[in-house]
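Below: one structure, written as C-alpha cells.
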Amino acid sequence: MDFEKKILSVIQKDFPLENRPFLRLAEKIGLEEDFFIEKVKELQEKRIIRQVSAVFNPSFFGHRSGLFALRAKEENLIQTIEIINSHQGVSHNYLRSHDYNLWFILVVPPGKDLLTEADNLCKRCQIEDFLFLPALRVFKISTVLEVENYENEKDEEIGFYKQTSKKFSEKDVWFVKHLQEPLPLIKEPFKPIAEKLGVREDEIFSWLMEVKKQGGLRRFGALVKHDRLGYKTNVMVAWKIPPQKIEPFVKEVIKKAFITHCYERKTYPFWDYNLYTMCHFKNEEEKRLIEELAQKIDITEYLMLTTLKELKKIRLKLFYDDVFTA
C-alpha cells in the first residue's frame with residue numbers, strides 16, 4: 001500500500017522529539033494520527049519494522065566493538081553458531097561465502113577487554129584461526145533504507161566519523177537503557193518513559209538532542225528489516241585500496257545508496273584488505289554495481305562476500321552486563 005511506503009519513508013529518520021511525534025509524522029504525509037499508529041503496529045506485526053527507538057553510538061558510552069571472522073569447520077558449524085549467538089554482546093552474525101565463513105560483530109561494555117572476550121569465545125568454539133578487524137575509521141553509516149528506489153535516498157548519517165568516547169554519568173546510562181528499548185506505539189510515547197525516569201518529557205528531548213550533538217546518538221527512528229523491504233541480496237565487499245585512492249573511493253561510496261556502511265579496518269600481512277563496504281540489493285543482477293564501482297576507481301583487488309544466511313541480527317543493548325528492569 002502507498003501509505004505504508006510513506007510511513008516507512010518518514011518514520012526511519014527525522015523522528016520528532018516532542019510529546020506527540022506520531023501526530024507530526026501523520027500530518028506530514030496527510031494521515032490521521034490514530035490511523036498512522038495502527039499502521040505502524042501492523043508493520044511491526046509483519047516484522048517489517050523491528051522497533052522505534054534511539055540508536056546510540058557504543059564507543060561514545062565506553063563500549064568497544066569489532067568485526068571478527070572465523071574459519072568454522074563444517075562438522076562443528078551448528079555448535080559454533082550456537083555458542084557465538086548465545087553471547088549477549090554479539091549483535092550480528094552471518095554465514096558468508098569464504099573460507100572465513102562466520103562474520104560477527106562483538107561489543108563489550110566498559111571494563112571488559114574486547115579481544116580477550118573474543119579469544120575466550122573462540123576457544124569455546126575450539127577455533128584458533130580468526131580475524132580481528134576493528135574499525136580504524138568510519139566513513140559511512142546509513143541504516144535508513146529507501147522504500148522504493150535507490151536514487152531518491154537521502155541520509156544525514158553519511159559522513160566521516162571518529163570512534164571516540166567521552167565521560168558519561170549514571171544519568172546517561174539510565175537514559176540509554178530506557179531509550180534503546182522499543183518506543184510505545186501510543187499517542188504520547190515518551191510520557192511513560194519520563195515517568196520511569198522521574199523527569200519531564202522535555203528533559204528527555206533536551207538530553208537526546210545534546211547527545212546527538214556530541215556524537216552519542218546516531219538517530220532516533222524506526223529500525224526496519226532489509227529483507228522485508230525486498231533487499232534479498234546482501235554483500236560485504238573487502239577492498240584493497242591504495243592510500244592515494246581512499247579519498248576518491250570514499251567520495252564515490254557516499255553517493256551510492258546501495259552501500260549502507262563503509263569502514264577502514266585493521267590489516268595483516270596475510271590479509272591486507274583495508275576498506276569494507278556493506279551492499280544491499282533487491283536482486284542478484286544488481287551486484288554488477290560493485291564491479292562498476294571498482295572499474296570507475298580502477299580497483300582490481302576485492303572480495304565479494306555474499307551473505308548466505310543471517311544467523312543473528314538484533315538491536316544491541318548497551319550496558320548489557322547490568323541488570324535492566326523496565
Task: Where only alpha carbons of the chain are counted, the Rg and the Dmax (Å) - done: 20.2, 59
TODO: Can you figure out the FRET efficiency of Arg20 with Gln244, using R₀ = 51 Å and their beta-carbon distance, to the nearest 0.05?
DONE: 0.50
Open item on the list: Let me make sure I get this right: for segment 254-326, a, b and c are the square roots of the gyration tensor eigenvalues over alpha carbons, sorted descending. Under 1.5 in a/c it's rounded, otherwise prolate if a/b > b/c, else oblate. Which is it?
Closed with: prolate
Task: Residues Lys232 and Asp99, FRET efficiency given R0 of 25 Å [Cβ-Cβ distance, rounded to 0.05] - done: 0.55
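Once the other residues with Cβ under 12 Å from the Cβ of Lys296 are scored (Lys, Arg +1; Asp, Glu -1), what is the net sum?
Details: positive: Lys245, Lys251, Lys255, Lys256; negative: Glu252, Glu291, Glu292, Asp298.
Within the 12 Å Cβ shell, the charges total 0.
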Open item on the list: For the chain, take the longest principal axis of its alpha carbons; what is the angle in degrees between that and the long axis of helix 33-45, to the nearest 10 within 0 to 90?
Closed with: 30
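Accessible area per residue for segment 161-319 in Å², computed with a 1.4 Å probe and the full protein assembly in place, what is it? Provide the component values of the computation, followed by the final result.
On the way: 8020 Å² over 159 residues.
Per-residue value: 50 Å².
Take peptides 201-207, 280-286 and line them up by average Cβ neighbours within 10 Å, highest first, as a rough protection proxy. Write out the running numbers ahead of the final one.
Numbers: 201-207: 16.6, 280-286: 14.9.
In descending order of packing, they fall as 201-207, 280-286.
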Open item on the list: Using a 1.4 Å probe on the protein heavy atoms only, what accessible surface does Glu38 show? Give it in Å² to the nearest 10.
Closed with: 90
- [ ] Take the alpha carbon gyration tensor of segment 180-253, find the square roots of its eigenvalues, order them as a ≥ b ≥ c, and report rounded if a/c is under 1.5; if not, report prolate when a/b exceeds b/c, else oblate.
- [x] oblate
Open item on the list: Could you put Ile84, Ile78, Ile48 in order of accessible surface area, largest first, with the 1.4 Å probe and the full protein assembly present?
Closed with: Ile78, Ile48, Ile84
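Please list Lys39, Lys256 in order of solvent-accessible area, largest first, computed with a 1.4 Å probe with all protein chains present. Walk me through the numbers before you get to the answer.
Numbers: Lys39 35, Lys256 60 Å².
Largest to smallest exposure gives the sequence Lys256, Lys39.
Order the following by accessible area, largest value first: Phe15, Phe132. Probe radius 1.4 Å; ligands, DNA and RNA are ignored. Mind dumping the intermediate values first?
Details: Phe15 15, Phe132 40 Å².
The residues order as Phe132, Phe15, largest area first.
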Open item on the list: Using a 1.4 Å probe on the protein heavy atoms, what percent of the accessible area of the chain belongs to carbon and sulfur?
Closed with: 49
Task: Spin-label model distance (nm) - Asn76 vs Glu33, 7 Å beyond Cα toward Cβ - done: 5.7
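The values are calculated or read from the model by the stated rules, or taken from the named source; none is laboratory data. Note that the coordinates shown come from a computational prediction; the quantities given were computed from them, not determined experimentally. Reconstructed Cβ throughout: ideal geometry from the backbone, glycine too, with neighbour counts over all protein chains shown. Areas reflect the complete protein model, heavy atoms only, side chains present, ligands, DNA and RNA absent. Shrake-Rupley method; radii C 1.70, N 1.55, O 1.52, S 1.80 Å.
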